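Working notes for the structure below.
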Amino acid sequence: MAPMEPTPGTIVVALGGNAVAPPKERATIANQFRHTRESLAPVVELARRGWRIAVVHGNGPQVGDELLRNEIAHDGVEPLPLGVLVAATAGWMGYMIQQSLQNALKRANVQRGVVTVVTQTLCDAADPGLRHPAKPIGHALDEGQRRRLERLGVTVGRDGGGHWRRMAPSPRPIAIVERDVVRTLVREGQLVITCGGGGPPVYNDAALLVEGVDAVVDKDWVAAILGRELCADVLLILTDVDAVYRGWGTPSAEPIRRLTVADAERLIDEGEVAVGSMRPKVEAAAEFVRAGGRRAVIAELGQGLDALAGVAGTTVVGSV
């Protein structure tokens with residue numbers, strides 16, 4: 001493994017929801033705890049090296065399961081709206097990551113406090129993404145599940161991998177309501193798990209002030225905003241793909257190890273990255289660097305440290 005730079009700073013680490021509930025595996029709590037523990041080795045090592053750290057996590061499979069529980073139990077208990085379910089997953093997934101990280105840090109003899117902060121994500125109430133559900137959540141659907149959801153009036157569509165998924169409204173995030181609290185904790189050296197599932201989306205109402213909305217927000221975009229708010233040096237996006245690829249899904253596919261912001265924008269404009277999967281990550285990485293971040297890194301979960309060292313994954317920078 002190549003050495004990392006000797007002077008750590010502030011890093012935002014974005015973990016995908018699929019990292020703890022992978023496709024084709026039953027998403028039991030025992031399995032999700034196991035995958036959570038397996039996913040945290042890079043975070044523990046970053047903490048050992050002295051980085052100030054905020055961890056953002058996805059919740060796509062988990063919030064889809066919560067909606068399914070709503071539908072199964074609707075005759076016996078009042079269902080919860082999507083925005084509340086996002087907050088609920090931020091809570092219980094934060095607990096799962098927090099406990100697993102506390103144990104891992106203790107075993108590694110790293111003395112760092114760990115805390116979960118449920119944050120709200122400010123959006124525009126007029127965002128067109130609220131009227132057109134297009135963000136995949138939940139697990140891949142078989143034909144029977146797809147037809148059942150369509151009978152219930154639920155929007156379904158194909159994700160970037162061609163699988164049928166439940167689709168949810170997804171506005172563009174603008175800011176994080178509790179950013180000052182998170183900033184203070186990170187500066188104090190606390191390891192902060194926050195913006196879970198992108199955070200429940202809210203908007204400013206003239207009479208009610210902050211008001212929730214039933215939607216989900218892309219966690220990579222929120223991680224980029226958090227990075228900007230923390231003046232972070234690095235955004236590390238850990239996913240289930242080892243790099244950004246040119247020609248993904250074709251025989252000539254090749255990983256891209258380094259991109260400038262202009263290169264990333266060109267890839268997006270040319271349709272080289274899938275809308276529902278890699279595109280938000282590339283967009284978020286470019287936006288983080290454009291806003292002043294030193295670099296953003298996209299990598300497979302097990303290659304996070306190598307990617308930070310520049311020998312794996314894809315690094316996005318301002319210029320060559």
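What does the charge dipole of the range 201-263 about its Cα centre add up to, to the nearest 20 debye, if the Cβ of each Lys and Arg holds +1 and the Cβ of each Asp and Glu holds -1? Spell out each step's value before the answer.
Details: 5 positive and 11 negative charges, 68 e Å.
Value, rounded to 20: 320 debye.
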Picking from 117, 47, 226, whose Cα lies most toward the positive end of the charge dipole for the chain (charges on Cβ: Lys, Arg +1; Asp, Glu -1)? 47
Label-reachable residues, the range 142-180, where backbone N falls under 12 Å from a point 7 Å from residue 70's Cα toward its Cβ: 154-155, 167-169
Please name whichever of 199, 271, 213 sits farthest to the positive end of the charge dipole of the range 188-305, dipole taken about the Cα centre and charges placed at Cβ: Lys and Arg +1, Asp and Glu -1. 271
Backbone HN-Hα couplings from phi across the range 192-198 [Karplus 6.51/-1.76/1.60, Hz, Gly and Pro as x]: 9, 9, 7, 6, x, x, x
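If I stretch the segment between residue 77 and residue 172 completely, what's the gain in nm (0.36 nm per residue apart, minus their alpha carbon distance), one decimal?
Values: separation 95, 0.36 × 95 = 34.20 nm, distance 3.18 nm.
Gain in length upon complete extension: 31.0 nm.
About its Cα centre, how strong a charge dipole does the chain have in debye, to the nearest 20, once Lys and Arg get +1 and Asp and Glu get -1 at the Cβ?
Values: 35 positive and 37 negative charges, 146 e Å.
Computed charge dipole of the chain: roughly 700 debye.
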Report the extension gain between residue 158 and residue 106 in nm, rounded to one decimal, defined as 0.36 nm multiplied by the number of residues separating them, less their alpha carbon distance. 14.5 nm
Can you tell me which lysines have their Cα less than 29 Å from the Cα of residue 135? Leave out same-chain residues fewer than eight positions away. 24, 219, 281
How much length, in nm to one decimal, is gained on full extension between residue 95 and residue 258, taken as 0.36 nm per residue of separation minus their Cα-Cα distance? 55.2 nm
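How big is the dipole moment of the range 96-162 about its Cα centre under a simple scheme where the beta carbon of each Lys and Arg is +1, that of each Asp and Glu is -1, and everything else is neutral? Debye, nearest 20, please.
Details: 10 positive and 6 negative charges, 57 e Å.
Here the range 96-162 has a charge dipole of around 280 debye.
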Helix-only mean residue ellipticity at 222 nm, the chain, DSSP H runs n ≥ 4 weighted -39,500 (n - 2.57), per residue, nearest 500. What is it? -11000 deg cm²/dmol
What are the ³J(HN,Hα) couplings of the range 131-144, residue after residue, when phi is run through the Karplus curve with 6.51, -1.76, 1.60 and θ = phi - 60°? Round to Hz, x for glycine and proline. 9, 10, x, 9, 9, x, 9, x, 8, 4, 9, 7, 4, x
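Using 1/(1 + (r/R0)^6) with R0 = 45 angstrom and r between the beta carbons of residue 268 and residue 181, what's the FRET efficiency to the nearest 0.05? Spell out each step's value before the answer.
On the way: r = 33 Å, r/R0 = 0.73.
Approximately 0.85, to the nearest 0.05.
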Select from 92, 175, 134 the residue farthest towards the positive end of the dipole of the chain; place +1 on Cβ of Lys and Arg, -1 on Cβ of Asp and Glu, and compute about the Cα centre. 92
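Bear in mind these aren't lab numbers, they're just calculated from the coordinates by the rules spelled out. Fair warning: this is a prediction, and the values are worked out from it, not measured in the lab. Here the Cβ is made from the backbone with ideal geometry for all residues, glycine too, and neighbour counts use every protein chain on show.
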